[in-house]
Amino acid sequence: MPLSVDAACVPLRVHYVAAEPAQLLPAPGTLAAIGFGAAAAVAVADDPRWLRLPLLPLGADAVVEVWQIDATVEHGRVGSLRHAAGGGWLFGAIELDEAAQGGLEQAAETAYRALAAFHASRAERHVLRVWNYFGAINHGAGDDERYKRFCAGRARGMSAGFAGGYPAATAIGVQGAPQRLQIYWLAAAIAGTRVENPRQTSAWRYPRHYGPSPPTFARGMRLPGGAGLAISGTAAIVGHASQSAGDLDAQLAETFANLGALLAAAGVDGGFDACSPLKVYLRDPAQATRVAALLDAHLPAAVPRLLLAGDVCRAELAVEIDGWRLMPGQQPMPG
Ligand code: 3EB
């Protein structure tokens, strides 16, 4: 089963493929495989690299996001945390039942404390990029909105271990309201370089209006080893204010303006290409066809994109994009 060979991006490769995890996991250098849609229903016995996310792909049935490196990968578990590492890179994941933790806020604190404690004793101690997924992200009023509770717990959990700065991140609401917090991340033995967006207030400086505990993430992270840029969830926010509520086209245009500014701030030229896999989270799945057409207008055809049903952490925002701008290289994909 050949993986797609459209682009070889080094030294970290990220691809969206329609494949069975049983075929992907044995391939040399597979660091992680993250299943969406029907792929997420596949059970794989005891492999910490296989993560199943209940985010539904729009316009595809089953999709797996595969991370690959040019090194031997070893994996294991520590309590509820699982990890895989090789060549100085590390994939980690924690999944917690909210009720068992006493709620989402406590689950977030527990997860981040575990993450920080784990990395304190690892060579790969630099947490570069984190994804956070949980249900009903906009439920609750005012400071009780679940995203704000999540931010409070995350900030407490991060208080041990992130003195040097925050990782790049995504926080997206899973539709169907699973009572489960899922976090996964990329870490490395060598530090990355944080990038902020000149069009946007740094999230940790958002005013009190957005919650008692500002979001603790960087807008982007330049990866070590010249691997490229990890791009945080990016939406139609300018300064700290949401733009164009109710206008999907305008929100997407603003989001791409933000992405362009982030690439420029990171010193990346050439824009998005075949080594720039992007995930697009869309609140209203009925808009998928429209968004796919808008993406075609905003992006070169070679840019891999995965459209997912997901809720942005601000109720007035319809769409968010995250992803990578990895370095083109010569190595063919292992098949
Ligand atoms: C924003 O810019 C939109 O809480 O980890 C984007 C990326 C957003 C990460 C997070 C939230 C997070 O504020 C939301």
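Below is a table of values for the structure above.
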{"read-out": "Candidate set from segment 206-251 (those that are away from the ligand (no atom under 14 Å from the Cβ) and within 30 Å of TRP89 (Cβ to Cβ)); member that is surrounded by the fewest Cβ atoms within 10 Å (Cβ to Cβ)", "value": "GLY226"}
{"read-out": "Residue list for segment 38-51, restricted to those being of a type in the set (A, V, I, L, M), assigned to a loop (DSSP other than H, G, I, E, B) and in contact with a strand residue (DSSP E or B) (Cβ under 7 Å, 6 or more places away or on another chain)", "value": "VAL42, VAL44"}
{"read-out": "Wholly within segment 95-205, helices (runs of 4 or more DSSP H) carrying at least 1 residues that are within 19 Å of the chain's Cα centre (by Cα) and away from the ligand (no atom under 11 Å from the Cβ)", "value": "104-120, 146-158"}
{"read-out": "Pairs, first of a type in the set (Gly, Ala, Ser) in segment 97-109, second part of a loop (DSSP other than H, G, I, E, B), C-beta under 8 Å, six or more apart", "value": "ALA99/GLN179"}
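Values in this text are rule-based calculations from the coordinates and carry no lab data. This structure is a prediction, so every number in the text was calculated from the model and none was measured. Positions of Cβ are backbone-derived with ideal geometry, glycine not excepted, and every protein chain shown enters the neighbour counts.
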